[in-house]
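**Student:** Attaching a single structure in structure tokens format; questions to follow.
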Amino acid sequence: MENLVIIGSGPAGHTAGIYAARANLKPLMFEWFMAWGVAAGGQLTTTTTIENFPGFPDGIDGTQLMMQMRQQNINSWTRIETKTVDKVDFQSQPFKIFVGNEIIETKSVIIATWATAKRMGMTGEKDFRQRGISACAICDGGLPMFRDQRIIIIGWGDVAMEEALHLTHFASEVVLLVRKDVLKASKAMQDKVTSNAKIKIMYNTEIQEAMGGNFLEKIRVLNNQTNETAEIECKGLFYAIGHTPNTDFLDGQLTLDETGYIITTPWTTKTNVEWVFAAGDVQDKKYRQAITSAWTGAMAALEAENYLSSK
């Protein structure tokens with residue numbers, strides 16, 4: 001029987017593994033294999049240079065950062081298996097983890113399966129991912145390739161407004177594409193965006209295609225009221241249309257909020273099931289940063305250690 005199984009990787013899972021291994025819990029991690037179309041390591045493997053993670057003054061590639069975290073985890077004697085968990089059974093102790101034909105029993109579990117950014121699915125999207133298209137303006141917006149350039153952002157809620165305002169610190173112009181004729185954001189956020197001279201809002205507008213050479217150069221958009229199309233030159237395209245927390249494999253055994261994020265006791269990583277913890281973007285829909293994910297990963301491991309030692 002395992003002491004602790006960590007489901008998922010990313011900054012939360014790998015930090016949890018490092019802390020748990022150093023506490024001699026002998027953790028077993030299932031880092032997943034191309035789950036939800038994302039490589040083991042989570043959302044950071046879909047971004048480029050990260051400039052806001054402490055300890056890397058010159059920035060670091062997202063995939064490289066995750067590989068270094070993974071190696072540090074291995075060096076700490078965490079056992080990592082590149083497999084995907086199909087389902088879990090938290091109804092009784094020991095918990096059961098189902099991976100293919102295997103059934104693993106464990107005393108405690110940390111869920112760190114991140115949240116996947118929603119995509120548009122338009123023509124050219126796959127070609128320019130990490131080459132002009134990103135789902136994290138906070139992560140990538142300040143990169144040199146986007147500075148003093150026209151940047152497109154898609155969305156209409158508070159997150160889209162916040163990210164549009166963030167991008168104005170770097171871009172020459174930010175064009176906000178809104179598929180309806182109104183914004184969904186709060187009045188305060190709408191006022192900030194509409195009063196910013198660097199932001200142009202295009203209502204009733206949908207993106208059809210991303211185009212370019214080695215990097216994104218322009219997009220084609222459709223006005224869904226007039227059916228007219230237009231091409232807009234740009235160097236960056238950012239999605240702000242939400243994320244989907246990867247919790248479907250839990251089959252309703254943990255309490256989720258209305259959008260599917262795991263609910264944890266405030267200032268802890270404890271779920272509604274004793275000995276089951278959740279860390280990273282799977283329980284954080286506000287910040288979604290590498291550093292905050294790592295923080296909750298450390299919390300989860302420390303809380304698991306306390307539980308196991310007390311029992």
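Here is a yes/no grid of residues against (1) of a type in the set (Phe, Trp, Tyr); (2) under 17 Å from LEU256 (Cβ atoms); (3) over 18 Å from the mean Cα position of the chain (by Cα):
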residue: ALA278; (1), (2), (3): no, yes, no
residue: VAL282; (1), (2), (3): no, yes, no
residue: GLN289; (1), (2), (3): no, no, no
residue: GLY297; (1), (2), (3): no, no, no
residue: ASN306; (1), (2), (3): no, no, yes
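**Student:** Does ILE152 qualify as being touching a Leu at 6+ places or on another chain (Cβ under 8 Å), modelled with pLDDT of 95 or more and of a type outside the set (S, T, N, Q)?
**Tutor:** Taking the combined requirement at face value, the residue satisfies it.
**Student:** Could we say that THR78 is closer than 27 Å to GLU209 by Cβ, in contact with a helix residue (DSSP H, G or I) (Cβ under 6 Å, 6 or more places away or on another chain) and surrounded by 19 or more Cβ atoms within 10 Å (Cβ to Cβ) here?
**Tutor:** Numbers: closer than 27 Å to GLU209 by Cβ: no; in contact with a helix residue (DSSP H, G or I) (Cβ under 6 Å, 6 or more places away or on another chain): yes; surrounded by 19 or more Cβ atoms within 10 Å (Cβ to Cβ): yes.
It is false that THR78 is closer than 27 Å to GLU209 by Cβ, in contact with a helix residue (DSSP H, G or I) (Cβ under 6 Å, 6 or more places away or on another chain) and surrounded by 19 or more Cβ atoms within 10 Å (Cβ to Cβ).
**Student:** So is SER195 small (Gly, Ala, Ser), out of contact with any His (no Cβ under 8 Å at 6 or more places or on another chain) and at pLDDT 90 or above or not?
**Tutor:** On the way: small (Gly, Ala, Ser): yes; out of contact with any His (no Cβ under 8 Å at 6 or more places or on another chain): yes; at pLDDT 90 or above: yes.
So SER195 passes the test.
**Student:** Turning to a different aspect of this structure: Consider region 116-130. How many of its residues are within 17 Å of ASP140 (Cβ to Cβ) and among the small types (Gly, Ala, Ser)?
**Tutor:** Going through region 116-130 one residue at a time, the tally reaches 1.
**Student:** Quick one: count up the residues across region 225-256 that are among the small types (Gly, Ala, Ser) and either assigned to a strand (DSSP E or B) or exposed (fewer than 15 other Cβ atoms within 10 Å of the Cβ) (or both). Even if it seems obvious, please write down each step before you answer.
**Tutor:** Let us first name the residues in region 225-256 that are among the small types (Gly, Ala, Ser), namely 230, 236, 240, 242, 252.
From what's left, either assigned to a strand (DSSP E or B) or exposed (fewer than 15 other Cβ atoms within 10 Å of the Cβ) (or both): 230, 236, 252.
So the answer is 3.
**Student:** Would you confirm whether or not region 214-222 contains a residue that is at pLDDT below 95 and surrounded by 15 or more Cβ atoms within 10 Å (Cβ to Cβ)?
**Tutor:** no
**Student:** Looking at THR226, THR194, which is the one that is out of contact with any strand residue (DSSP E or B) (no Cβ under 8 Å at 6 or more places or on another chain), assigned by TED's automatic domain parsing to the domain that holds GLY155 and among the hydroxyl-bearing types (Ser, Thr, Tyr)?
**Tutor:** Being out of contact with any strand residue (DSSP E or B) (no Cβ under 8 Å at 6 or more places or on another chain), assigned by TED's automatic domain parsing to the domain that holds GLY155 and among the hydroxyl-bearing types (Ser, Thr, Tyr) holds for just one of THR226, THR194, which is THR226.
**Student:** Return the pair list, or none, for Cβ contacts closer than 7 Å from residues in region 65-94 that are of a type in the set (Val, Ile, Thr) to residues that are exposed (fewer than 14 other Cβ atoms within 10 Å of the Cβ), at least 6 apart or on different chains.
**Tutor:** What qualifies is THR82/PHE33; THR84/PHE33.
The values are calculated or read from the model by the stated rules, or taken from the named source; none is laboratory data. What you are looking at is a predicted structure, and each value in this text was computed from that prediction instead of being measured. Virtual Cβ from ideal backbone geometry, glycine too; neighbours counted across all protein chains shown.
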